[in-house]
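Structure first, then comments.
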Amino acid sequence: MPAEVATRLLPANRDAIAAAARVLGDGGLVAFPTETVYGLGADATNGEAVARLYAAKGRPRFNPLIAHVADAKATLALARFTDDARLLAGVFWPGPLTLVLPKHDTCPVSELATAGLDSIAVRVPDHSIAHDLLKAFGKPIVAPSANQSGHVSPTLAEHVRSDLEGRIDLIIDGGPASVGVESTIVSCLGAPTLLRPGGLPRDAIERVLGHALVIAEAPADETPLAPGMLASHYAPKSSLRLNAIDVRAGEALLAFGPAAPAAAHALNLSASGDLVEAAANLFHHLRMLDAAATSIAVMPIPNEGLGEAINDRLARAAAPRP
Ligand code: TXA
Ligand code: MG
């Protein structure tokens, strides 16, 4: 357990960005907003800072991190763009898409952050505060979601505070994350492969590529391709019952759409059945219901568009705990 540090919470403005860049330069940890979820940032080139980050999150060591950069050009110092990667980055960056690329031998990102792999995951976030911080810092920032490893991802500064207060130096409060689920991860090491469904729907990517993505299957007992694919991840304390069409005694209800059954504790991801709104609400609603009940009934969510990422996160939240 790392020693307690005083965690500052600052509203998102220029002073906060300057303070955050200083903290990162000193090897400290800063939680900052992105359009997907809040990230916990460290200087990607500083192995000690990265080690501190793993410790603060309680994250398994084999889980490599995403390097965040301000723009596609900044990627060139880290990795090589394959033709597919160049195409996808041109259309979808900045935005909720992470590309796994062949790492340059001269890549300055710490080996600890890439878990010793010869590939690296890179993302250009579409958020003004994240962008300004990356510009001010001038180096790549590794940032997993700013929650304790295995918990529900944070979409508000308050979620970060409740998970990580006393373990990180600074939280920049930039309001709610607009997308609400993590980035979609596509490996471009060979045929483009979907490693994690996320905030960019698969069909949008496939339309640009002109063909289907390969879908990675999580090897059951080996190190997963993207360790976010660990079966029990994003886990609330409550048990989840998926595809529920009724509410049983003692259950809270995570509803979707206009035809929700009545329940003592109910939150609707989107009463109008809008999957974009549902993704943005997912992790906050899970946290709220987790605090209200020990079991949660979850209504069926259509598996199209952002529904694929939502159902992926719900399946992990419902999986048996290790
Ligand atoms: O939206 C997001 O992506 C957020 C925000 C903060 O940017 N970040 C995020 O990071 O979700 P994290 O650490 O929770 O998830 C990163 C995922 C992990 O599943 C990791 O295994 C995978 O990316 N990953 C990182 N490097 C990889 C690599 N070289 N090959 C395959 N997977 C990799
Ligand atoms: Mg995470």
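Is it true that LEU117 is away from ligand 2 (no atom under 14 Å from the Cβ), touching a His at 6+ places or on another chain (Cβ under 7 Å), touching a residue at least 12 places away in the same chain (Cβ under 8 Å) and not basic (Lys, Arg)? Can you show your working first?
Details: away from ligand 2 (no atom under 14 Å from the Cβ): yes; touching a His at 6+ places or on another chain (Cβ under 7 Å): no; touching a residue at least 12 places away in the same chain (Cβ under 8 Å): yes; not basic (Lys, Arg): yes.
In short, no.
Can you confirm whether ASP84 is closer than 17 Å to CYS188 by Cβ and in contact with a Pro (Cβ under 6 Å, 6 or more places away or on another chain)? So ASP84 fits the description; yes.
With the condition kept exactly as written, say whether any residue in the range 71-79 is within 10 Å of ligand 1 (Cβ to nearest atom), open to solvent by less than 30 Å² (accessible area, probe 1.4 Å) and either part of a loop (DSSP other than H, G, I, E, B) or among the β-branched types (Val, Ile, Thr) (or both). No, that holds for no residue.
Filter the range 148-161 down to the residues that are in contact (Cβ under 8 Å) with a residue 60 or more places away in the chain and on the phi < 0 side of the Ramachandran plot and list them by number.
Of all residues in the range 148-161, those in contact (Cβ under 8 Å) with a residue 60 or more places away in the chain come to 148-157, 159-161.
Across the range 148-161, the qualifying residues are GLN148, SER149, HIS151, VAL152, SER153, PRO154, THR155, LEU156, ALA157, HIS159, VAL160, ARG161.
Taken over the range 27-39, the criterion of being over 10 Å from the mean Cα position of the chain (by Cα) and within 13 Å of ligand 2 (Cβ to nearest atom) is satisfied by ALA31 alone. With the requirement that a residue be more than 16 Å from ligand 2 (Cβ to nearest atom) and more than 16 Å from ALA315 (Cβ to Cβ), what does the range 179-198 give you? Scanning the range 179-198 gives VAL186, SER187, CYS188, LEU189, GLY190, ALA191, PRO192, THR193.
Each row is one residue, and each column tells you yes or no for (1) open to solvent by 40 Å² or more (accessible area, probe 1.4 Å); (2) within 13 Å of ligand 1 (Cβ to nearest atom); (3) farther than 23 Å from VAL23 by Cβ; (4) in contact with a strand residue (DSSP E or B) (Cβ under 9 Å, 6 or more places away or on another chain).
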residue	(1), (2), (3), (4)
THR155	no, yes, no, no
VAL160	no, yes, no, yes
GLU165	yes, no, no, yes
ASP173	yes, no, no, yes
VAL181	no, yes, yes, no
THR184	no, yes, yes, yes
GLY190	yes, yes, yes, yes
LEU194	no, yes, yes, yes
PRO197	no, yes, yes, yes
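Could you list, in sequence order, all residues of the range 120-152 that are within 15 Å of ligand 2 (Cβ to nearest atom) and either β-branched (Val, Ile, Thr) or not in a loop (DSSP other than H, G, I, E, B) (or both)?
As a first pass, look at the range 120-152 and keep what is within 15 Å of ligand 2 (Cβ to nearest atom): 121, 123, 125, 142-152.
Across the range 120-152, the qualifying residues are ALA121, ARG123, VAL142, SER145, VAL152.
Inside the range 48-66, residues that are under 22 Å from ASP105 (Cα atoms), within 15 Å of ligand 2 (Cβ to nearest atom), open to solvent by less than 20 Å² (accessible area, probe 1.4 Å) and touching a strand residue (DSSP E or B) at 6+ places or on another chain (Cβ under 8 Å) make up a count of 1.
Please work out which residue is most open to solvent (accessible area, probe 1.4 Å), limiting yourself to the range 80-113 and to residues that are among the hydroxyl-bearing types (Ser, Thr, Tyr) and closer than 18 Å to LEU213 by Cα.
Filtering the range 80-113 for residues among the hydroxyl-bearing types (Ser, Thr, Tyr) gives 82, 98, 106, 110.
Filter once more, so that each one left must be closer than 18 Å to LEU213 by Cα: 82, 98.
Working: THR82: 25, THR98: 0 Å².
Per the criteria, the residue is THR82.
Specify the residue that is nearest to GLY180 (Cα to Cα); the eligible residues are those in the range 199-216 that are of a type outside the set (Val, Ile, Thr) and surrounded by 17 or more Cβ atoms within 10 Å (Cβ to Cβ). Only one residue tops the list, namely GLY199.
Given the criterion among the polar types (S, T, N, Q), open to solvent by less than 10 Å² (accessible area, probe 1.4 Å) and either in a loop (DSSP other than H, G, I, E, B) or in contact with a helix residue (DSSP H, G or I) (Cβ under 7 Å, 6 or more places away or on another chain) (or both), identify the matching residue among THR45, THR34.
On the way: THR45 fails: open to solvent by less than 10 Å² (accessible area, probe 1.4 Å).
After ruling out the rest, the residue left standing is THR34.
Do you know which residues across the range 269-322 are acidic (Asp, Glu), over 18 Å from GLU251 (Cα atoms) and not in a loop (DSSP other than H, G, I, E, B)? First the steps, then the outcome.
Within the range 269-322, the first condition is being acidic (Asp, Glu), and the residues that meet it are 274, 277, 290, 304, 308, 312.
Next, only the ones that are over 18 Å from GLU251 (Cα atoms) stay: 274, 277, 304, 308, 312.
GLU277, GLU308, ASP312, listed by residue number.
Within the range 4-24, the residues that satisfy the criterion of being over 11 Å from LEU170 (Cα atoms) and either among the hydrophobic types (A, V, I, L, M, F, W, C) or touching a helix residue (DSSP H, G or I) at 6+ places or on another chain (Cβ under 7 Å) (or both) are ALA12, ALA18.
Only one residue in ILE168, ILE205, ILE129 is under 19 Å from TYR54 (Cα atoms) and either basic (Lys, Arg) or modelled with pLDDT of 95 or more (or both). Which one? Write out each step before concluding.
Details: ILE205 fails: under 19 Å from TYR54 (Cα atoms); ILE129 fails: under 19 Å from TYR54 (Cα atoms).
Result of the check over ILE168, ILE205, ILE129: ILE168.
Between ALA266, ALA279, ALA271, the distinction of being in contact (Cβ under 8 Å) with a residue 12 or more places away in the chain, out of contact with any strand residue (DSSP E or B) (no Cβ under 7 Å at 6 or more places or on another chain) and open to solvent by 30 Å² or more (accessible area, probe 1.4 Å) belongs to ALA271 only.
The values are calculated or read from the model by the stated rules, or taken from the named source; none is laboratory data. Quick caveat, the model's predicted, so the values are computed rather than measured. No Cβ is skipped: glycine too gets one built from the backbone with ideal geometry, and neighbour counts run over all protein chains shown. Only protein heavy atoms, including side chains, enter the accessible area calculation; ligands, DNA and RNA are left aside. Shrake-Rupley method; radii C 1.70, N 1.55, O 1.52, S 1.80 Å.
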